[in-house]
Structure formats: C-alpha cells, structure tokens
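Trainee: Okay, handing you the structure first.
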Amino acid sequence: MKDAGQSGAPADNVDWRNLGMLAEEIVSDLLTREVLAPSAARPPSSPGFYAWWCREEQLDDAFPSIPKENRPPVPTAWSLLYVGISPSGPTSSRNIAIRLAKDHAGGNIGGSTFRQSLAALLTGSLGLEPRRGSDRSRLVSEVPLSRWIESACGVTFATAERPWEFETDVIAILNPPLNIDCGTHPFRLEVKARRAALRQACGLGA
C-alpha cells in the first residue's frame with residue numbers, strides 16, 4: 001500500500017523495457033516462498049513486496065465473504081488477500097519488516113490499509129467496535145483483529161529495490177481482492193463501500 005501523502009517518483013535511469021520482466025520475477029518470489037503466520041515469518045529489513053493470504057476456511061468470516069483466489073504454486077489452502085510494498089517512495093526509510101510488524105500484524109487500522117479493509121469486512125463476526133474522536137478510523141480494541149490475522153492469515157515477501165516502480169504491474173498480475181489503489185479485482189468495490197461505512201461509524205466522512 002502507499003503510505004499517506006507519499007508517491008514514488010520514477011528514476012531517470014530506469015530501463016522501462018525491463019520493468020515487466022522484473023515484475024514477473026517479483027511475482028514468482030511471492031508465489032514460491034512458504035506462506036507463514038505473521039509470528040513465524042522473518043521478513044527482511046529490506047525494500048520490497050509482501051503478499052497476505054487467508055486460510056480458505058476463514059474467508060467466510062468476512063461480510064461479504066472474501067472470494068477465494070488461489071495462485072499456484074501456493075497451496076490451495078491459502079487464498080490471496082492483498083499485496084503491498086515498503087517503502088512507498090524514495091523519501092521513506094521503511095522496509096518490509098517494519099511495515100509488517102508495526103502496521104499490519106500489529107498497529108491500528110488508521111495506519112494500515114490492509115488492517116482497515118479487514119476490519120471493515122470483519123466488524124460483525126469479530127464484534128469490532130468503531131471508535132470516534134480521531135482523524136482516522138480507529139477501533140475500541142485492535143486485539144480481536146490482531147488475533148484473527150495471526151490465526152487466519154499468512155504472508156510471503158519478495159525483496160526489490162524501488163518497489164514503487166513495479167507496484168502497478170505486480171498488482172495487475174496477481175489481482176488481489178483487497179487492493180483498492182492500483183487494484184482491478186471486482187471485490188475492491190465491496191471493500192471500498194465497507195471501508196466508507198466504517199469511517200462513518202468512526203464519525204468521519206466517507
């Protein structure tokens with residue numbers, strides 16, 4: 001995902017003819033690594049991509065149900081959810097490890113598009129309570145969501161310099177259902193609508 005207020009500027013010396021090939025290599029890395037629970041994963045302190053997956057049997061925890069999206073050779077027990085990058089541009093010093101640990105597996109829904117989308121879809125099944133009084137979406141407690149991510153989700157990653165230059169291509173190839181920015185999956189419209197409802201419940205505009 002893109003961090004708020006940032007956009008990656010293309011490098012003048014990039015060979016744009018090779019971007020497609022490099023994007024395919026990144027996709028291959030994301031699909032051939034073992035899917036591990038957040039607590040078991042050891043993401044690198046490097047720039048690159050990460051892919052979030054959900055156990056097939058827990059897709060129906062969401063409302064509406066998240067569509068099953070198998071991506072071979074990842075085992076069919078795992079369904080693709082979301083693809084993100086870190087850092088989001090040349091002015092950021094963040095990396096995959098920081099993004100996953102501080103924002104996605106932990107953190108709060110105001111600092112993570114992935115967490116906020118899941119919260120919007122899991123409000124009913126997890127009994128999540130929106131919290132008012134902030135300039136971003138918040139929950140009264142993030143604990144149920146964090147526990148669900150740990151038990152239901154897994155992650156893979158791929159290192160890549162200047163990942164923002166490949167973001168659109170990688171997302172287009174993998175077509176994850178929870179990506180809104182750069183996404184093309186039809187389910188993203190449901191996600192967007194549910195996120196708007198969550199924002200309104202938090203006392204914010206859609």
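Trainee: Looking at segment 70-105 only, could you name the residues that are within 24 Å of Arg199 (Cβ to Cβ), buried (at least 16 other Cβ atoms within 10 Å of the Cβ) and more than 12 Å from the chain's Cα centre (by Cα)?
Mentor: Ser88
Trainee: Additional query: Given the conditions (1) surrounded by 18 or more Cβ atoms within 10 Å (Cβ to Cβ); (2) in contact with a Phe, Trp or Tyr (Cβ under 8 Å, 6 or more places away or on another chain), report the number of the one that Arg115 does not fulfil.
Mentor: (2)
The rows are residues; the columns are (1) in contact with an Asp or Glu (Cβ under 9 Å, 6 or more places away or on another chain); (2) crowded, with 17+ Cβ neighbours inside 10 Å.
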| site | (1), (2) |
| --- | --- |
| Val140 | yes, no |
| Leu145 | no, yes |
| Ile149 | no, yes |
| Thr159 | yes, no |
| Glu165 | no, yes |
| Pro176 | yes, yes |
| Ala193 | no, no |
| Gly205 | no, no |
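Trainee: Return the pairs, sorted by first residue and then second, in which the second residue is surrounded by fewer than 17 Cβ atoms within 10 Å (Cβ to Cβ) and not in a loop (DSSP other than H, G, I, E, B), the first residue lies in segment 175-190 and is of a type outside the set (Phe, Trp, Tyr), the beta carbons are less than 6 Å apart, and the residues are 6+ apart or on different chains.
Mentor: From segment 175-190, the pairs are Ile180/Lys192; Cys182/Thr168.
Trainee: Here is a list of conditions, (1) at pLDDT 95 or above; (2) over 22 Å from Leu36 (Cβ atoms), and Gly110 meets all of them except one; can you say which number that is?
Mentor: For Gly110, the failing item is (1).
Trainee: On to the next question. Counting only residues that are modelled with pLDDT of 95 or more and of a type in the set (S, T, N, Q), which one in segment 15-44 is nearest to Pro90 (Cα to Cα)?
Mentor: Ser28
Trainee: Inspect segment 162-171 for any residue being under 25 Å from Glu34 (Cβ atoms), in contact with a Pro (Cβ under 9 Å, 6 or more places away or on another chain) and at pLDDT 95 or above and give the result as yes or no. If you could, list the steps in order and put the result at the bottom.
Mentor: Filtering segment 162-171 for residues under 25 Å from Glu34 (Cβ atoms) gives 163, 166-167, 169-171.
Within this subset, residues satisfying the condition of being in contact with a Pro (Cβ under 9 Å, 6 or more places away or on another chain) are 163, 170.
Next, from what is left, pick out any that are at pLDDT 95 or above: 163, 170.
Yes.
Trainee: Residues in segment 39-59 that are crowded, with 21+ Cβ neighbours inside 10 Å and assigned to a strand (DSSP E or B): how many?
Mentor: The number of residues fulfilling the criteria is 7.
Trainee: Could you list all residues from segment 48-77 that are among the small types (Gly, Ala, Ser) and either touching a residue at least 40 places away in the same chain (Cβ under 8 Å) or within 17 Å of Arg115 (Cα to Cα) (or both)?
Mentor: The first filter runs over segment 48-77 and keeps only residues among the small types (Gly, Ala, Ser), leaving 48, 51, 62, 65, 77.
If the condition is that a residue be among the small types (Gly, Ala, Ser) and either touching a residue at least 40 places away in the same chain (Cβ under 8 Å) or within 17 Å of Arg115 (Cα to Cα) (or both), then Gly48, Ala51, Ala62, Ser65 are the ones that fit.
Trainee: How many of the residues in segment 60-69 are assigned to a loop (DSSP other than H, G, I, E, B), surrounded by 13 or more Cβ atoms within 10 Å (Cβ to Cβ) and not small (Gly, Ala, Ser)?
Mentor: Here the count works out to 5.
Trainee: Return yes when Asp3 is of a type in the set (Asp, Glu), modelled with pLDDT of 95 or more and either under 25 Å from Arg136 (Cα atoms) or loosely packed, with under 13 Cβ neighbours inside 10 Å (or both) and no when it is not. Full working, then the answer.
Mentor: Working: of a type in the set (Asp, Glu): yes; modelled with pLDDT of 95 or more: no; either under 25 Å from Arg136 (Cα atoms) or loosely packed, with under 13 Cβ neighbours inside 10 Å (or both): yes.
No: the conditions fail for Asp3.
Trainee: Follow-up question, since we're still on this one. Pick from segment 122-152 the residues that are touching a Leu at 6+ places or on another chain (Cβ under 9 Å) and basic (Lys, Arg): which of them is farthest from Leu204 (Cα to Cα)?
Mentor: Applying the filter and picking the extreme gives Arg147.
Trainee: So is Leu204 aliphatic (A, V, I, L, M) and at pLDDT 95 or above or not?
Mentor: Working: aliphatic (A, V, I, L, M): yes; at pLDDT 95 or above: no.
For Leu204, the condition - aliphatic (A, V, I, L, M) and at pLDDT 95 or above - is not met.
The values are calculated or read from the model by the stated rules, or taken from the named source; none is laboratory data. Predicted model only: the values in this text are computed from it and were never measured. Because the Cβ atoms are built from the backbone with ideal geometry, glycine has one as well, and the counts that use them run over all protein chains shown.
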